[in-house]
Amino acid sequence: PSDMSWCRSNSVRREPDGLVVMVTDMRSISGVIENFNLPAEKLASFVLSVRDGYRKNPYHNFAHAVHVMHEAFLLVCYTSVYEVLQPIDILALLMCALCHDVDHGAYTNNYRCAIGDPLAITYNDFSVLENHHCAYTFRVLSRPENAIFEHLSAGDKKELRQLMVNAILATDMSSHFEIVS
């Protein structure tokens with residue numbers, strides 16, 4: 001287990017819970033914290049901000065996000081996928097698993113499009129929720145207290161963003177079978 005003293009520091013005012021600790025431990029064990037020198041205070045703030053961004057839905061909630069991240073973590077650790085992924089791919093995978101449903105309002109894309117919901121208008125009826133989850137994630141990352149990638153090179157930031165956008169957009173079930181085939 002990783003050192004969790006940063007969770008109890010005065011600069012992080014929100015208390016972590018067991019799921020937050022799991023998220024950090026998975027990132028630590030997978031090596032992404034060390035590989036990318038993610039600052040502990042900012043990582044703590046980011047994870048807590050993501051947790052706070054999940055609504056109290058029966059399914060699309062923070063516990064679901066941590067479960068998906070845990071499954072991705074297990075795939076990386078216990079299958080041959082680890083041999084073909086680069087460290088930046090693993091970072092993107094874990095980030096996306098955690099953030100893929102952030103701020104989900106419990107309504108489907110089809111419903112949002114049918115009622116002319118503002119999100120459907122914003123994203124032109126295309127992968128409405130998935131585009132929103134991406135945008136929300138990058139708004140959270142843009143806050144100074146959550147800027148865990150600020151020290152990465154411009155090239156790494158661009159590649160990471162593209163990987164994350166593609167992965168989160170791929171969670172739109174309307175394109176699932178096309179992607180799988």
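Listed here are the residues, each with its yes/no results for (1) modelled with pLDDT of 95 or more; (2) at positive phi; (3) over 19 Å from the mean Cα position of the chain (by Cα).
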site: CYS77; (1), (2), (3): no, no, no
site: ASP101; (1), (2), (3): yes, no, no
site: HIS104; (1), (2), (3): yes, no, no
site: GLY116; (1), (2), (3): yes, yes, yes
site: ALA120; (1), (2), (3): yes, no, yes
site: PHE126; (1), (2), (3): yes, no, yes
site: HIS133; (1), (2), (3): yes, no, no
site: TYR136; (1), (2), (3): yes, no, no
site: ARG139; (1), (2), (3): yes, no, no
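Just so you know, in region 106-125 the residues that are open to solvent by less than 50 Å² (accessible area, probe 1.4 Å) and among the hydrophobic types (A, V, I, L, M, F, W, C) include one that is farthest from ALA135 (Cα to Cα), and it is CYS113. Among the residues of region 71-105, write down those that are assigned to a loop (DSSP other than H, G, I, E, B) and buried (at least 16 other Cβ atoms within 10 Å of the Cβ). Scanning region 71-105 gives HIS100, ASP101, VAL102, ASP103, HIS104.
With respect to being part of a helix (DSSP H, G or I) and of a type in the set (Ser, Thr, Tyr), THR137 fits the description. Within region 28-39, restricting attention to residues that are of a type in the set (Gly, Ala, Ser) and in a helix (DSSP H, G or I), the residue that is surrounded by the most Cβ atoms within 10 Å (Cβ to Cβ) is SER30. Would you mind stating whether ASP25 is surrounded by fewer than 20 Cβ atoms within 10 Å (Cβ to Cβ), in a loop (DSSP other than H, G, I, E, B) and modelled with pLDDT under 95? No: the conditions fail for ASP25. Just wondering, is there one or more residues in region 100-114 that are polar (S, T, N, Q) and farther than 21 Å from HIS176 by Cα? For region 100-114, residues polar (S, T, N, Q) and farther than 21 Å from HIS176 by Cα: absent.
Working only within region 140-160, note down all residues that are farther than 16 Å from SER49 by Cβ, part of a helix (DSSP H, G or I) and either of a type in the set (S, T, N, Q) or touching a helix residue (DSSP H, G or I) at 6+ places or on another chain (Cβ under 7 Å) (or both).
Start the filter on region 140-160 by keeping residues that are farther than 16 Å from SER49 by Cβ, which leaves 151-160.
After this cut, where a residue has to be part of a helix (DSSP H, G or I) as well, the list is 154-160.
Selection gives ASP156, GLU159, LEU160.
Residues that are modelled with pLDDT of 95 or more, out of contact with any helix residue (DSSP H, G or I) (no Cβ under 9 Å at 6 or more places or on another chain) and part of a helix (DSSP H, G or I) are absent from region 40-57.
The values are calculated or read from the model by the stated rules, or taken from the named source; none is laboratory data. The structure displayed is predicted, hence computed values, not measured ones. All Cβ positions, glycine included, derive from the backbone under ideal geometry; neighbour counts span all protein chains shown. Protein only, heavy atoms only, side chains kept; ligands, DNA and RNA dropped before computing areas. Shrake-Rupley method; radii C 1.70, N 1.55, O 1.52, S 1.80 Å.
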